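Below is one structure, written out as structure tokens; comments come after it.
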Amino acid sequence: MDPSHQRPAADPPKALDIQDRVAALVARMSLDDKIGQMALGQPGTASPPETLGDAIRGGRIGAVVNVVERAAINELQRIAVEESPHGIPLLVGRDVIHGFQTILPIPLGQAASWNPELVRAGARVAAEEAARSGINWTFAPMIDISRDPRWGRIAESLGEDVFLTGRLAMAMVEGFQGRSLADAGSIAACAKHFAGYGAAESGRDYATTNIPDNELHNVYLPPFRAAVEGGVASLMTSFSDLDGVPATAHAGLLRDVLRGQWSFDGIVVSDWESIPQLSVHGLTANDREAAIAAANAGVEVEMASATYARHLADAVRSGRVDLETIDAAVARILTLKFELGLFEAPYTQATDNPQAKRETALQVARQAALQSMVLLKNHNDLLPLDSQRMERLAILGPLADAAYEQLGTWIFDGEADRSVSALAGIRARLGSDTEIIHLPVLETSRSREFVDIDAALAAVRAADAAILFLGEESILSGEAHSRANIDLPGAQAKLVQRIRASGKPVVAVILAGRPLTLANIVDQVDAMLYAWHPGSMGGPAIADLLFGIESPSGKLPVTFPRAVGQIPLYYNAKNTGKPPRPDTVTRIDEIPVQAPQTSLGMSAFHLDIDHTPLFAFGHGLSYARFEYSDLRIRPPQIAPGECVRISVELRNAGRRAAEEIAQLYVRDPVASITRPVRELKGFQRVRVAPGQAVRIEFRLHADDLRFYRRPSGWILEPGRFQVWVGGDSNADLAGEFQLIDA
Ligand code: GLC
């Protein structure tokens, strides 16, 4: 069939029909045909020496990855449909992590918007662009809880908090998958990496994780459960070893929790060659044993490696793997293909007007960039800059004109030529009314030698203000790009010092894929805007915020430590038996000689640094001034199954309208296991006009107070619960309520 003549997409297949069709197809398939459906290959890795096309034609591959040209995908689909033993179409996977051609902020930046609807819209435009190429499966959302900014993949995550990550995970799944997987523009999502990957020791990617069972269930698993409840079509196993068992062979996770407790009925795919890596971990002796361990644990699709292709048939014939296991896996894979409508419409042609769609995508990308950026500091309300009074601006730093670098990690298909840099955004915003002097001064973020530093200093002296664009290039974060030192690389801090000496107002805009340790520059700049890697429309968004077209509204989804030695440092920590108090904290240079052992305060702090973060989870300033008051909690006590309503008045005491993200935190101060000092349990983004006040209400259900305790599982315990509402995790407007026994 000519792939360019796509049959009209059929009505979404009905579940009953699908199961009948799946059963009929499985019944006709040989063991080899079935195992072929469990293989996900890419050009060049399809069981060499055969080509991908030959493997598909022979029914030995059921899914492909990293094929993105529409014509190439249509040809591979044609081979599958017309020349393979059963004419089964292909899953076509790709890492569409934060955009396809149009790039959104990195997920950590999107998380800073605390805006599920915007995150959903971003995933939708990404899905539509990818689907137009023929891609029908993305390996996203990545929802590993990340408490360690040394870990390069924190860039792909949605931050450190369970509740926020869970809400945004569901939003991304909805955006990717739409109302129906068969809809044009929908692609199957894949929640990853199941599970606990973000707890890699010392933030080194792929390193061991040691997560106690209570922590696993209370912190690392809930976002995946949210994705499953949100209908995610697939999960990907993690590379990491979880308490001695690599996730790719972890039957406890894949069978007991995922299938048994959560009734997940989608497919589980390994990560890239994570099945043969089981022998590198030391769990299995060879590929054959690795294939058996992964299949019996519940991995249904093998990505990139070929242990299933080589060993699974023998393993079934020798009784090491049950045929039922294979049949169940293939049934789920075929079900997904039917749900995607691939049997009715396996081919892709460009149906929409790309220009119209692209404008929409760029608008979404701009909104996402605007709402992702976090104003960390604004001394004396230096920002917004008054463009009318700016005759001359010095724009300095290695990331001022970095259209590619601002796209961030995981942007294989991003169009850098359509990315607008900060310099270009500012020029467009200011026009010819303001003279802009742009000097990178450092060739890259890692450069140690200045270029034209004298010219830069002269420019600053002649300017009304200096804007420094600092941070790290996209390659310094992402997979396998962890860093032991997360200061600004190279001579950037020295550049800040030199510019500071000019005495002119200094604004720092930081572009990075992670929290950086900024204690060595934060006091040397008047204002600091954290832009993450903001994607294709980062430039216009930065300009709109710096010059007040919009007010910053982002809030940190992750804690910013003062120094790498504080890590792990996160807001929802346990109190310990000896929490640090201001009077116990000492500075190492103040310690008297021969100070007695117990004289320095015996509590959980470091001698040589303040025990608090540089910037707290949930922190973010705006151009308005928000005040919280009149906390009301009704009723004062609830029983299991009931709701408590928690409301506050939020006033904008500033001079301009802006959006605030009000946050609700709860603490269970006494329980049968220790619980965090506070946990996010609700948030609302509201716009408030200057001088106005609104009442915000949160509804908290008793079930939101449950926690997991081994071996009982999820429990609810009566008692007192503390409540705080405010603009960050240090919120101090407090109240409490009682949960009584049933
Ligand atoms: C990688 C990543 C995973 C990604 C996959 C396919 O190694 O761990 O997140 O989806 O390979 O590119």
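Among the residues of region 720-734, those that are outside any loop (DSSP other than H, G, I, E, B) and open to solvent by 20 Å² or more (accessible area, probe 1.4 Å) comprise Arg720, Gln722, Trp724, Leu733, Ala734.
Does Asp265 fit the bill of being at pLDDT below 95 and open to solvent by 10 Å² or more (accessible area, probe 1.4 Å)? Don't jump to the end; show me each part of the working.
Details: at pLDDT below 95: no; open to solvent by 10 Å² or more (accessible area, probe 1.4 Å): yes.
So Asp265 does not fit the description; no.
If you go through region 262-315 and keep only what is without any contact (Cβ under 8 Å) to a residue 24 or more places away in the chain, at positive phi and within 16 Å of the ligand (Cβ to nearest atom), you end up with nothing.
In summary, Asp487 fulfils each of the numbered conditions (1) assigned to a helix (DSSP H, G or I); (2) within 25 Å of the chain's Cα centre (by Cα); (3) among the acidic types (Asp, Glu) with the single exception of condition (1). Taken over region 490-523, the residue count meeting the criterion of being under 25 Å from Gly425 (Cα atoms) and either in contact with a strand residue (DSSP E or B) (Cβ under 6 Å, 6 or more places away or on another chain) or open to solvent by 10 Å² or more (accessible area, probe 1.4 Å) (or both) is 15. Taking region 152-182 as the region of interest, how many residues are of a type in the set (A, V, I, L, M) and farther than 26 Å from Glu405 by Cβ? So the count comes out to 8.
Taking the criterion of being open to solvent by less than 50 Å² (accessible area, probe 1.4 Å) and closer than 10 Å to Leu31 by Cβ, the residues of region 304-324 that qualify are Leu312, Ala313, Val316.
I need the full set of residues from region 670-708 which are in a loop (DSSP other than H, G, I, E, B), among the β-branched types (Val, Ile, Thr) and over 26 Å from the mean Cα position of the chain (by Cα), in order please. I'd like the intermediate steps shown before the answer.
Residues of region 670-708 that are in a loop (DSSP other than H, G, I, E, B), as a first pass: 670-678, 689-692, 706.
From what is left, the residues that are among the β-branched types (Val, Ile, Thr) are 670, 673-674, 677.
Those that are in a loop (DSSP other than H, G, I, E, B), among the β-branched types (Val, Ile, Thr) and over 26 Å from the mean Cα position of the chain (by Cα): Val670, Ile673, Thr674.
Of the candidates Gly196, Gly231, Gly203, the single residue that is surrounded by fewer than 24 Cβ atoms within 10 Å (Cβ to Cβ) and either within 16 Å of the ligand (Cβ to nearest atom) or over 21 Å from Leu40 (Cα atoms) (or both) is Gly231.
Within region 268-292, track down each residue that is in a helix (DSSP H, G or I) and open to solvent by less than 30 Å² (accessible area, probe 1.4 Å). So that I can check it myself, show each step before the final result.
At the first step, the residues of region 268-292 found to be in a helix (DSSP H, G or I) are 277-281, 287-292.
Across region 268-292, the qualifying residues are Leu278, Ala290, Ala291, Ile292.
If you take the residues of region 100-122 that are of a type in the set (Gly, Ala, Ser) and open to solvent by less than 10 Å² (accessible area, probe 1.4 Å), which of them is farthest from Pro552 (Cα to Cα)?
Kept after step one, since they are of a type in the set (Gly, Ala, Ser), are these residues of region 100-122: 109, 111-113, 121-122.
When the remaining residues are screened for being open to solvent by less than 10 Å² (accessible area, probe 1.4 Å), the result is 109, 111-113, 122.
Details: Gly109: 13, Ala111: 14, Ala112: 11, Ser113: 10, Gly122: 19 Å.
Checked region 100-122; the qualifying residue farthest from Pro552 (Cα to Cα) is Gly122.
How many of the residues in region 172-208 are in contact with an Asp or Glu (Cβ under 7 Å, 6 or more places away or on another chain) and more than 17 Å from Met236 (Cα to Cα)? Show your work before the answer.
We begin by selecting, within region 172-208, every residue in contact with an Asp or Glu (Cβ under 7 Å, 6 or more places away or on another chain); these are 181-182, 185, 193, 197-198, 203, 205, 207-208.
Still in the running and more than 17 Å from Met236 (Cα to Cα): 181-182, 185, 203, 207-208.
Total meeting the criteria: 6.
Being assigned by TED's automatic domain parsing to the domain that holds Ala63, closer than 28 Å to Thr208 by Cβ, open to solvent by less than 20 Å² (accessible area, probe 1.4 Å) and touching a helix residue (DSSP H, G or I) at 6+ places or on another chain (Cβ under 9 Å) is a description that does not apply to Val301.
Are any residues in region 243-257 surrounded by fewer than 24 Cβ atoms within 10 Å (Cβ to Cβ) and not in a loop (DSSP other than H, G, I, E, B), and if so, which ones? Don't jump to the end; show me each part of the working.
Just the residues of region 243-257 that are surrounded by fewer than 24 Cβ atoms within 10 Å (Cβ to Cβ), to begin with: 243-245, 251-252, 255-257.
Passing the criteria: Val245, Ala251, Gly252, Arg255, Asp256, Val257.
The values are calculated or read from the model by the stated rules, or taken from the named source; none is laboratory data. The model shown is predicted, which means the values in this text are computed figures rather than measured ones. Glycine gets a Cβ as well: all are built from the backbone with ideal geometry, and neighbour counts include every protein chain shown. Note: areas computed on protein heavy atoms with side chains; ligands, DNA, RNA excluded. Shrake-Rupley method; radii C 1.70, N 1.55, O 1.52, S 1.80 Å.
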